[in-house]
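The next block holds one structure in the form of structure tokens; read it before the comments.
The values are calculated or read from the model by the stated rules, or taken from the named source; none is laboratory data. Everything numeric here is computed off the predicted structure, so don't read it as measured data. Methodologically, a virtual Cβ is constructed for each residue, glycine included, from the backbone with ideal geometry; neighbour enumeration extends over all protein chains shown. Each accessible area value is taken on the protein alone, full model and side chains, heavy atoms only, with ligands, DNA and RNA left out. Shrake-Rupley method; radii C 1.70, N 1.55, O 1.52, S 1.80 Å.
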Amino acid sequence: MKNLERVQQIMQNFDRELFRQNLIQWFRNEQRVLPWRENQDPYRVWVSEIMLQQTRVDTVIPYFNNFLTKFPTLEALAEADEQEVLKAWEGLGYYSRARNLQNAVREVVEEYQGVVPSEPEEIAKLKGVGPYTKGAILSIAYDKPIPAVDGNVMRVLSRILHVEEDIAKASTKKLFEELITELISHEDPSSFNQGLMELGALVCTPKSPSCLLCPIQEQCRAFEQGIEEELPVKSSKKKQKKAPYMLLLIQNEQGEVLIEQRPSSGLLASLWQYPMLPLGDVDRESAPHWFYGEYGLKIELKETKQTIKHVFSHLIWEMEVVTAEIIGGELDHERARFVTLDERNDYPFPVSHQKAHKYINS
DNA sequence: CACGCGTGGTC
DNA sequence: TGACCAAGCGT
């Protein structure tokens with residue numbers, strides 16, 4: 001069935017105006033006080049929407065406040081060093097968000113005179129601004145009636161309208177965008193879009209939704225049939241693969257520790273870490289030889305500390321923490337350097353390697 | 001379309 | 001405790 005046809009089918013006998021009124025009224029009364037809701041500044045809205053991607057509100061709040069203190073304006077962020085931006089993002093995850101945001105902000109400063117574009121075609125070109133973020137910024141900062149379909153919206157609408165399509169599929173997200181286009185309030189698109197998300201966060205939750213408190217209960221097809229817990233339908237993702245490593249803690253005579261910068265693309269791009277060798281490719285016996293080849297330093301393994309387990313969204317690192325002593329050679333590596341423990345604090349480290357900090361003798 | 005891309009909370 | 005998640009995007 002074509003989407004348009006499916007949209008008509010779903011929307012049949014659904015009172016859109018009643019839905020809009022109840023949703024918007026509820027949002028105006030019940031919305032949480034959040035730092036990015038102080039005003040409609042497009043820059044603040046933008047930063048908040050990027051931080052909120054796949055990330056909880058409670059986690060974002062302190063990062064948002066710190067980020068806006070360090071980079072209060074588009075211009076301030078455009079002029080900052082990338083490493084400084086990554087440091088402000090440290091611990092928040094999905095670090096390409098930070099680098100894309102800064103790239104896009106620089107583009108806005110250079111190409112749009114520092115004004116976040118209000119046209120869908122223009123804002124959509126910016127790095128890191130996808131269909132959801134486009135709709136969120138345009139509706140919240142510029143009051144434009146554009147859909148902003150995220151996981152909350154799909155869950156809420158799949159229940160209210162009884163949609164059984166798999167929300168893990170891109171085609172289903174498009175279906176919801178078309179549904180929202182029919183549903184969205186042109187009087188207050190900001191409260192409408194935010195209301196759907198707020199409802200998903202506070203009432204229409206993934207587990208044990210509070211249907212008795214829901215302003216849309218009378219119109220909810222899933223509640224009517226008692227199947228709210230069965231929706232949305234979402235195909236499961238496969239589990240993470242394990243990757244074993246040896247993490248090396250190496251200090252020179254001055255007590256400085258060896259760290260290196262990760263490549264500028266891929267996992268944890270441009271962040272810093274302790275040298276890490278892939279076990280399996282290399283075993284414990286040949287580790288010093290491998291290390292000499294890679295870094296130009298002759299080392300001797302000393303003490304084996306604990307194994308750090310770190311779970312990513314798609315893989316699991318199991319890092320055996322080992323201290324080593326330098327017995328010769330000279331550091332010869334593009335992206336590695338010795339730093340004092342004080343200096344180390346200025347470098348953005350992924351949480352996986354922050355877990356190794358405590359094994360350094362200070 | 002499917003996958004790579006982080007982290008911390010929850011049950 | 002492992003699985004599942006929480007305001008997605010780029011490729």
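Considering only A:S190, A:L18, A:Q31, the residue lying farthest towards the positive end of the dipole of the range A:3-230 is A:Q31, judged by Cα position with unit charges set on Cβ. By the equivalent-ellipsoid construction on the alpha carbon gyration tensor, chain A comes out with semi-axes of 47, 24, 17 Å, ordered largest to smallest. Counting only alpha carbon atoms, the long axis of helix A:131-142 and the longest principal axis of chain A meet at about 70°.
Which trypsin sites (Lys or Arg not before Pro) does the range A:158-187 hold that lie in a coil by DSSP with at most 15 other beta carbons within 10 Å?
Numbers: sites: A:R159, A:K169, A:K173, A:K174; in loops: A:K169.
Hits after loop and neighbour filter: A:K169.
Heavy-atom accessible area per residue, the range A:3-230, 1.4 Å probe: how many Å²?
On the way: 10800 Å² over 228 residues.
Roughly 47 Å² per residue, with all protein chains present.
Annotation: the antiparallel percentage among DSSP beta bridges lying fully within chain A is about 65.
Loop-located trypsin sites (Lys or Arg not before Pro) across the range A:310-361 with a Cβ neighbour count of 16 or fewer within 10 Å are A:R335, with loop assigned by DSSP. Shape index of the range A:1-144: Rg/Rh, with Rg the Cα radius of gyration and Rh the Kirkwood radius from the inverse mean 1/r over Cα pairs, equals 1.04. Each Cα pair under 8 Å and six or more residues apart adds its sequence gap; the mean of these over the residue count of the range A:122-199 is a relative contact order of 36 percent. Magnitude of the charge dipole for chain A, about its Cα centre and with charges confined to Cβ atoms of Lys, Arg (+1) and Asp, Glu (-1), is about 980 debye.
With contacts defined as alpha carbon pairs under 8 Å and 6 or more residues apart, what's the relative contact order of the range A:241-359 in percent? Before the final figure, lay out each step's value.
Numbers: 221 pairs, mean separation 41.4, N = 119.
Result for the range A:241-359 is 35 percent.
Cα convex hull, the range A:241-359: 104 Å³ per residue, rounded to a whole number.
All distinct Cα pairs of the range A:8-80 go into the 1/r average, and the inverse of that average, the Kirkwood radius, is 14.8 Å.
Rounded to the nearest whole Å², what accessible area per residue is found for the range A:241-359 with the 1.4 Å probe? Don't jump to the answer; show the numbers that get you there.
Details: 6140 Å² over 119 residues.
Value for the range A:241-359: 52 Å² per residue.
Across chain A, the relative contact order, built from alpha-carbon pairs under 8 Å that are at least six residues apart, equals 16 percent. Taking the Cα centre of the range A:268-362 as origin and assigning +1 to Lys and Arg Cβ atoms and -1 to Asp and Glu Cβ atoms, the resulting dipole is close to 360 debye. The label-point distance for A:Y94 and A:E164, in a model that sets each label 7 Å from Cα toward Cβ, rounds to 3.0 nm.
Positive contributions from Lys and Arg (+1) and negative ones from Asp and Glu (-1), summed over other residues with Cβ under 13 Å from the Cβ of A:I184, come out at -4.
Using heavy atoms of the protein chains and a probe of 1.4 Å, the accessible area assigned to A:Y142 is about 60 Å².
How large a share of the accessible area of chain A, in percent, is made up of carbon and sulfur atoms when the probe is 1.4 Å and the other protein chains stay in place? Answer for chain A: carbon and sulfur cover 45 percent of the accessible area.
For A:K242, a cut-off of 20 angstrom between C-alpha atoms picks up these aspartates and glutamates, skipping any fewer than 8 places away in its own chain: A:D281, A:D283, A:E318, A:E320.
Modelled spin-label separation between A:R37 and A:V351, with each label point placed 7 Å from Cα along the Cα-to-Cβ direction: 2.6 nm. Taking only the C-alpha atoms of the range A:106-252, the Rg (one decimal) and the largest Cα-Cα distance, Dmax (whole number), read 19.6, 69 Å.
Do the alpha carbons of any pairs in A:K134/A:K207; A:K127/A:K207; A:K207/A:K241; A:K87/A:K239; A:K125/A:K174; A:K207/A:K237 sit beyond 23 Å of each other, and which pairs? If you can, show how the numbers build up before the last one.
On the way: A:K134/A:K207 28 Å; A:K127/A:K207 34 Å; A:K207/A:K241 27 Å; A:K87/A:K239 30 Å; A:K125/A:K174 19 Å; A:K207/A:K237 18 Å.
From the list (A:K134/A:K207; A:K127/A:K207; A:K207/A:K241; A:K87/A:K239; A:K125/A:K174; A:K207/A:K237), the Cα-Cα distance tops 23 Å for A:K134/A:K207; A:K127/A:K207; A:K207/A:K241; A:K87/A:K239.
Per DSSP helix of 4 or more residues, -39500 (n - 2.57); summed, then divided by the residues of chain A. What does that give at 222 nm, rounded to the nearest 500? Intermediate values should be presented prior to the final figure.
Working: 16 runs with 154 residues, N = 362.
Value at 222 nm, helices only, nearest 500: -12500 deg cm²/dmol.
You can think of it this way: the chain between A:S208 and A:E84 has 40.5 nm of extra reach, that is 0.36 nm per residue less the Cα-Cα gap. A:E320's amide H: which non-local residues (gap 5+, or another chain) put their own amide H closer than 5 Å, with H modeled 1.01 Å from N in plane and none for Pro or chain starts? Hits under the 5 Å cutoff: A:Y245, A:M246, A:L247, A:I308. In a fully extended conformation the segment linking A:S171 and A:Q12 would gain 55.2 nm over its present Cα-Cα distance, using 0.36 nm per residue.
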